[in-house]
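The values are calculated or read from the model by the stated rules, or taken from the named source; none is laboratory data. All of these numbers come straight from a predicted model, not from anything done at the bench. Don't worry about glycine lacking a Cβ; one is built from the backbone with ideal geometry, like all the others, and counts go over all protein chains shown. Protein only, heavy atoms only, side chains kept; ligands, DNA and RNA dropped before computing areas. Shrake-Rupley method; radii C 1.70, N 1.55, O 1.52, S 1.80 Å.
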Amino acid sequence: MASALAACNSSDRLGELQTKPVFAILSGAYYGGMCEGAPSTDKQIAEIRAMKIHNRAGECRVLYLDGVNRAGELLIYAEESGDRLACGGLLQRLKAKDANAAVIAKARERCG
């Protein structure tokens, strides 16, 4: 799924319609074991590049690693308005996971 979206990606940004399937998959990852429930073996979840992160309150979120939305914002499943990222080690983890440059830049901005 992620590779199909990458082909439609221009300037490291995904269009609104293209992000809807991503959020459906991120939701599956969230409830399928990344944050809640039992580990999932769903093939779609395995094909998306996502990472478990936390907000400052310690609540689990799922971050899409291959791009940002049209507005240049991170695609974070379960993020609520006003959420602040737990930034300790986040940039190093993103680099280790070979996250998209736009994702790293936006995370740096939000953690700065």
Considering only segment 78-99, how many residues are open to solvent by less than 50 Å² (accessible area, probe 1.4 Å) and at pLDDT below 95?
2
Which residue pairs have Cβ atoms under 6 Å apart, sit 6 or more places apart or on different chains, and have a first residue in segment 28-48 that is closer than 20 Å to ILE76 by Cβ and a second that is modelled with pLDDT of 80 or more and among the aliphatic types (A, V, I, L, M)?
ALA29/ALA50; ALA29/VAL62; TYR30/VAL62; TYR30/ALA78; MET34/VAL62; GLN44/ILE25; ILE45/ALA29; ILE48/ILE25
Any residue that is free of Cβ contacts under 8 Å to residues at least 12 places away in the same chain and of a type outside the set (A, V, I, L, M) - is there at least one of those in segment 70-77?
no
Answer residue from segment 56-73, given it is among the aliphatic types (A, V, I, L, M) and open to solvent by 10 Å² or more (accessible area, probe 1.4 Å) and is modelled with the lowest pLDDT among those
ALA71
